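The block underneath contains the structure these notes are about, expressed in structure tokens.
Rule-based calculations on the coordinates, nothing more; no lab input. Predicted, not measured: the structure shown is a model, and the values here were computed from it. Here the Cβ positions follow ideal geometry from the backbone for every residue, glycine too, while neighbour counts run over all protein chains shown.
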Amino acid sequence: MKVSRTFAALPMPVRRALRKLGSDIRDARLRRRIPVAIVADRASIGRSTLSRVEKGDPNVAVGIYATVLFVLGLADRVESLADVRNDPAGLQLEEEHLPKRIRTTSRKKSKEE
């Protein structure tokens, strides 16, 4: 695989994650016994683009990855990738900035009382 500047600039954990995603997509396609041509056609992409997806190419748009996952019936997982419930560090930081106490504002009593 030709190494692009974009790929070379990526942190190693990101490269590994993309390669694993591509490999998992390929495995899912093979488990379903769906040929490359059919997945590519249903995703409205070329076979070469699907090949790049299955290799974890970072130059392929995230929308194409999501569409291929949709074709394979795995798109429901995409929407929860950055879900707040899956972000313990973000939740902890948010919790640290919660106010210690909440004060109620005093309301003027109505003249009817």
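Of all residues being loosely packed, with under 14 Cβ neighbours inside 10 Å and not polar (S, T, N, Q) in segment 56-72, which is nearest to Ile38 (Cα to Cα)? Just the residue, please. Lay out the reasoning, then the answer.
Within segment 56-72, the first condition is being loosely packed, with under 14 Cβ neighbours inside 10 Å, and the residues that meet it are 59, 61-63.
Retained after the next criterion (residues that are not polar (S, T, N, Q)): 61-63.
Details: Ala61: 20, Val62: 20, Gly63: 18 Å.
Among them, the one singled out is Gly63.
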Here are the criteria: (1) in contact with a helix residue (DSSP H, G or I) (Cβ under 6 Å, 6 or more places away or on another chain); (2) exposed (fewer than 13 other Cβ atoms within 10 Å of the Cβ); (3) among the small types (Gly, Ala, Ser). Tell me which single one Ala75 does not satisfy.
(2)
The one condition Ser48 fails out of (1) of a type in the set (Gly, Ala, Ser); (2) over 26 Å from Pro11 (Cβ atoms); (3) part of a loop (DSSP other than H, G, I, E, B) is (3)
Output the qualifying pairs, or none if there are none: Cβ atoms under 8 angstrom, residues six or more apart or on different chains, first residue in segment 38-65 and among the hydroxyl-bearing types (Ser, Thr, Tyr), second residue outside any helix (DSSP H, G or I).
Thr49/Val60
